[in-house]
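Heads up, the thing below is written out as structure tokens.
The values are calculated or read from the model by the stated rules, or taken from the named source; none is laboratory data. None of the values given here were measured: they were computed from a predicted structure. For neighbour counting, all protein chains shown are included, and Cβ atoms are generated from backbone atoms with ideal geometry for every residue, glycine included.
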Amino acid sequence: MVWATLIRDLRKHTNGWLLIGLVGAALVLLPLLPILFSLFQAPNANWLHIQEYLLKSYIAQSLWLVLFTSGFAILVAVPLAWLIAAYDFPLRRFFRWGLMLPLAVPPYIAAYTYSTMFSYTGVVQTTLRSVGLTVSPTFGISSMPGAIFVFTLFLFPYVYVVTKSFLENQSGSYVENALLLGRSPTAIFTRIVLPLARPAVIGGVTLVVFEVLSDYGVTNYFGVQTISTAIFRTWFGMYDVDSAVRLSAWLMVGIIGLFILERMLRQNKRFSASTSKSRPLVPRRLTGAAALAAFAFSGLVFAWSFLIPLLQLGVWAAWTYADVLTPSFWQLTYRSLQLALAATAIIMVFAVVVANVYRTQANRFAQALARLITAGYSIPGAIVAVGVLVVFLEIDQQLAPLYARMGMGEAPLVLSLSLAMLLIAYVVRFMATGYNAVEAGFEKIGTRYLEVSRMLGQGITRSFFKVDLPLIRGALFSGAILTFVEIVKELPLALLLRPFNFETLATKAYQYASDEQIHQAAVPSLFIIGLSMLSVFLLDRFGKERTE
Amino acid sequence: MSFVDVRNISFTYAASQPPVIHDFSFSMEKGETVGILGPSGSGKSTLLRLIAGLESPRAGAVVIAGQTVVDERTFVLPEKRGVGMVFQDYGLFPHLTVAENVEFGLHRLSRGERRARAKEMFDLVQLTGYEGRYPHELSGGQQQRVALARALAPRPSMLLMDEPFSNLDTNLKASIRSELRAILDRADMTCLFVTHDQNDVEAICHRTVVMGDTVRPTEVQATAAAAWR
């Protein structure tokens, strides 16, 4: 009896969506498994040394970085989101999308820009000296506070964007009701807006946390010892891959805990609207000092998180562009973008499939599938790189007889020297960016339309194309753009997995910066920022179309 | 044999929770309209979702027009059951016009047939002239009628209605009740109707089933509509 019912339910849930979703999960999981398995192998002597003397400090540094960055990011992003969504003040329309622009500046670019600006020869200290002020010679931002400063300024838009769009689209009727009930704006913010926006804020903060934990560029440049830089150092400094993998395995365990925490925080606080019609919030006009304060706050954040570094990079680029812009640079750019686009396309297909399985089946298995496919985001680039490399070497080994038959010689490395490796690594690493956007889109439309469609005789697939797809188009588009930008900006994976003679824009910029050619780094950096700006702009335009 | 047979059905959302519906049975004749009454949380909507195929029962069977749509080893997907449903919030597709909403379930028909059937539906619910509008441009009562037209258009073997009047104001309810009774009669539709309003039952249903704490039909009563029929 029970078995028959189990088989019935299994059959009910098995469809093409699930099968494609399983393929996607396998693709993501395959490179990650060797890392988790490392936990069950005996550690070497070096690991015992790391564990005894270094691990605590790595963990502490990572934790401080994460805590302070998320805290400051919330402090900056949530009030900004509320100001922009609920009030009208000078230049509000500009700030509305301008405050997303820091997303276009990868933190590692900001790190070397600000660090050079604040250095002895940088624009800040030379200007101060010219007016007779001197700064302590040890002053610099290459430190923990500097890293927190950079991460906060350039990652806060993750929280800002989701919170703002949530407030704009979802909170209208609640806020109006609260106003009618005579509550003050402060009370509305703390009693209505904050609790309602909590799932959105938590979603954004989670992105910030994973960005920080996975970072290599900023922390390495500033000499902050996090678990991620430690993984690089044990690998490249001590040539101890086992310990590097073990370190990341522990990081992964911690991050899985974080995942569970995020889900718990979000699930307990998921309010379901009592009305299916969500009314957009109508901004109220601010005047006098309030308007000035709102303008000053937004303007200050915008200047530090975008305008100032951009101007500085512009100046440097003006000095060096003639040396940098060669035909080979253009070719590099073209190929770098092509690769990012291909990875984005693959990601979005799997993201949509798995998100749809998750919501149509709503069981533990589908939930596990969704968690699995997004696992890569929590894994630092270096680790995804080792995992992918191990898998590709294995595949090449298995295919050796085939290669030989095709006359390619004995045991050549075909796939593991190809771009496919970097492509797959991008897919593994950034699936979550696309997936989260799609899942949020599905969450927003709910399952009612799907249920109606099925009651009218359409299967899940037809329902998807006729009903769900048009309704989640906005989320899909946002997800694709965010993913594309992430990939173009990505540094550690590209550094480790690019084939010989292949550079991405990011590796080129970082190479310049590491070679003390900061001024040359400005050109590819501006390219990355420019491209990312274009996506931010498109994202904003699409968002507007949707709400209008 | 009855047209619709619900046999000893049980349902739980999670294994740890007490059953929402426990060992519940009832049956309907063709053309009959049955009202399900009961306090909220008594499993009325869940019963509709089980019949529709939007949930799977823990145990029990549902037979519609001689076909077993669900039992221990069978599960017919909702899109294959030929059951129509009007949801409490209507679920009109916001990106489609009223006409496109109504034609949505007619994908197996040719374009001409689809148009003709949709027109028939618009006449039935008296919404001719509103075809090109979008759902948000309609009043609550009009939306309700579009949802009804859309559910009836593919000629379902039975219609499920989940508190379809709960979003309407009192004046509108009265007129729509009598309209609905007439529409159901004209379509000779078998209809299961969830409500918590005794007035709905009296105006529309031939008899009622009450779901309560015991989750058994404690009361089966004939209503005014039955006499009127």
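Identification of helices (runs of 4 or more DSSP H) wholly contained in region A:149-225 with 1 or more residues that are more than 23 Å from A:F430 (Cβ to Cβ) and of a type in the set (S, T, N, Q) yields A:172-180.
Of the helices (runs of 4 or more DSSP H) entirely within region A:441-501, those holding at least 2 residues that are within 14 Å of chain B (Cβ to nearest Cβ) occupy A:448-455, A:460-463, A:469-489. Across region A:1-47, the number of residues qualifying as over 19 Å from B:S56 (Cα atoms), touching an Asp or Glu at 6+ places or on another chain (Cβ under 9 Å) and surrounded by fewer than 17 Cβ atoms within 10 Å (Cβ to Cβ) comes to 4. Applying a threshold of 6 Å to beta carbon distances and a minimum spacing of six or more residues, or different chains, the list of pairs starting in region A:232-252 at a residue that is at negative phi and basic (K, R) and ending at one that is surrounded by fewer than 22 Cβ atoms within 10 Å (Cβ to Cβ) and modelled with pLDDT of 80 or more reads A:R246/A:W47.
Restricting attention to region B:175-193, does a residue exist that is β-branched (V, I, T), over 20 Å from B:S40 (Cβ atoms) and within 14 Å of the chain's Cα centre (by Cα)? Yes: one or more hits.
Is it the case that some residue within region B:130-141 is assigned to a loop (DSSP other than H, G, I, E, B) and either without any contact (Cβ under 8 Å) to a residue 12 or more places away in the chain or in contact with an Asp or Glu (Cβ under 7 Å, 6 or more places away or on another chain) (or both)?
Yes: region B:130-141 contains one or more residues that are assigned to a loop (DSSP other than H, G, I, E, B) and either without any contact (Cβ under 8 Å) to a residue 12 or more places away in the chain or in contact with an Asp or Glu (Cβ under 7 Å, 6 or more places away or on another chain) (or both).
Just to be sure before I move on: is B:S45 within 14 Å of chain A (Cβ to nearest Cβ), more than 30 Å from A:T461 (Cβ to Cβ), in contact (Cβ under 8 Å) with a residue 60 or more places away in the chain and not basic (K, R) in the structure I sent? So B:S45 does not fit the description; no.
On the basis of being under 30 Å from A:L258 (Cα atoms), at pLDDT below 90 and surrounded by fewer than 24 Cβ atoms within 10 Å (Cβ to Cβ), does A:E168 make the cut? When the stated conditions are applied, A:E168 passes them. Checking the condition within 12 Å of chain A (Cβ to nearest Cβ), closer than 21 Å to B:Q144 by Cα and among the small types (G, A, S), which residue from B:G84, B:G53 passes? Being within 12 Å of chain A (Cβ to nearest Cβ), closer than 21 Å to B:Q144 by Cα and among the small types (G, A, S) holds for just one of B:G84, B:G53, which is B:G84.
Taking helices (runs of 4 or more DSSP H) as the structural unit, those lying wholly within region A:1-86 and holding at least 1 residues that are within 14 Å of another protein chain (Cβ to nearest Cβ) and closer than 21 Å to A:T433 by Cα correspond to A:16-37. For region A:398-417, indicate whether the set of residues that are in contact (Cβ under 8 Å) with a residue 40 or more places away in the chain, assigned to a helix (DSSP H, G or I), away from chain B (no Cβ under 14 Å) and among the hydroxyl-bearing types (S, T, Y) is non-empty. No, region A:398-417 has no match at all.
To keep it simple, each residue is scored yes or no on (1) modelled with pLDDT under 90; (2) within 13 Å of B:L192 (Cβ to Cβ).
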| residue | (1), (2) |
| --- | --- |
| B:V4 | no, yes |
| B:A15 | yes, no |
| B:S25 | no, no |
| B:T33 | no, yes |
| B:T46 | no, yes |
| B:T68 | no, no |
| B:F87 | no, no |
| B:L109 | no, no |
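Scanning region A:19-70 for residues that are polar (S, T, N, Q) and modelled with pLDDT under 85 yields A:S38, A:Q41, A:N44, A:N46, A:Q51. Got at least one residue in region A:497-518 being surrounded by 19 or more Cβ atoms within 10 Å (Cβ to Cβ), within 30 Å of A:A368 (Cα to Cα) and touching a residue at least 60 places away in the same chain (Cβ under 8 Å)? Within region A:497-518, one or more residues are surrounded by 19 or more Cβ atoms within 10 Å (Cβ to Cβ), within 30 Å of A:A368 (Cα to Cα) and touching a residue at least 60 places away in the same chain (Cβ under 8 Å).
Taken together, the criteria place B:A153 among residues that are more than 22 Å from B:A174 (Cα to Cα), small (G, A, S), under 20 Å from the mean Cα position of the chain (by Cα) and surrounded by 19 or more Cβ atoms within 10 Å (Cβ to Cβ).
Have a look at B:R108, B:R58, B:R73, B:R114 and point out the one that is free of Cβ contacts under 8 Å to residues at least 60 places away in the same chain, touching a strand residue (DSSP E or B) at 6+ places or on another chain (Cβ under 6 Å) and either within 11 Å of chain A (Cβ to nearest Cβ) or not hydroxyl-bearing (S, T, Y) (or both).
Details: B:R108 fails: touching a strand residue (DSSP E or B) at 6+ places or on another chain (Cβ under 6 Å); B:R73 fails: touching a strand residue (DSSP E or B) at 6+ places or on another chain (Cβ under 6 Å); B:R114 fails: touching a strand residue (DSSP E or B) at 6+ places or on another chain (Cβ under 6 Å).
Matching residue, one of B:R108, B:R58, B:R73, B:R114: B:R58.
A residue that is surrounded by 24 or more Cβ atoms within 10 Å (Cβ to Cβ), of a type in the set (V, I, T), touching a helix residue (DSSP H, G or I) at 6+ places or on another chain (Cβ under 6 Å) and under 30 Å from A:Q398 (Cα atoms) occurs nowhere in region A:468-478. The single condition from (1) closer than 22 Å to A:L495 by Cα; (2) of a type in the set (A, V, I, L, M); (3) in contact with a Ser or Thr (Cβ under 8 Å, 6 or more places away or on another chain) that A:M348 fails is (1).
Listed here are the residues, each with its yes/no results for (1) aromatic (F, W, Y); (2) at pLDDT 80 or above.
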residue: A:L99; (1), (2): no, yes
residue: A:L103; (1), (2): no, yes
residue: A:Y114; (1), (2): yes, yes
residue: A:V135; (1), (2): no, no
residue: A:K164; (1), (2): no, yes
residue: A:V201; (1), (2): no, yes
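Restricting attention to region A:380-397 and to residues that are in contact (Cβ under 8 Å) with a residue 60 or more places away in the chain and surrounded by fewer than 20 Cβ atoms within 10 Å (Cβ to Cβ), the residue that is nearest to the chain's Cα centre (by Cα) turns out to be A:L389. Take B:L168 and decide whether it is part of a loop (DSSP other than H, G, I, E, B), more than 13 Å from every other protein chain (Cβ to nearest Cβ) and closer than 26 Å to A:K466 by Cα. No. Checking each residue in region B:190-199 for being under 22 Å from B:N167 (Cβ atoms), in contact with a Gly (Cβ under 7 Å, 6 or more places away or on another chain) and outside any strand (DSSP E or B) picks out only B:T195. Does at least one position in region B:28-39 carry a residue that is within 13 Å of chain A (Cβ to nearest Cβ) and not in a helix (DSSP H, G or I)? So far as region B:28-39 goes, no, none of its residues is within 13 Å of chain A (Cβ to nearest Cβ) and not in a helix (DSSP H, G or I).
Between B:I21, B:I51, the distinction of being under 25 Å from A:S453 (Cβ atoms), crowded, with 17+ Cβ neighbours inside 10 Å and of a type outside the set (K, R) belongs to B:I51 only. When region A:221-278 is filtered for residues that are modelled with pLDDT of 80 or more, surrounded by 16 or more Cβ atoms within 10 Å (Cβ to Cβ) and among the β-branched types (V, I, T), the ones remaining, listed by number, are A:V224, A:T226, A:I227, A:T229, A:I231, A:T234.
In this structure, does A:A355 turn out to be buried (at least 22 other Cβ atoms within 10 Å of the Cβ) and at pLDDT 95 or above? In short, no.
Screening the candidates B:L96, B:L138 for the property of being within 13 Å of another protein chain (Cβ to nearest Cβ), closer than 22 Å to A:F465 by Cα and surrounded by fewer than 20 Cβ atoms within 10 Å (Cβ to Cβ) yields one hit, B:L96.
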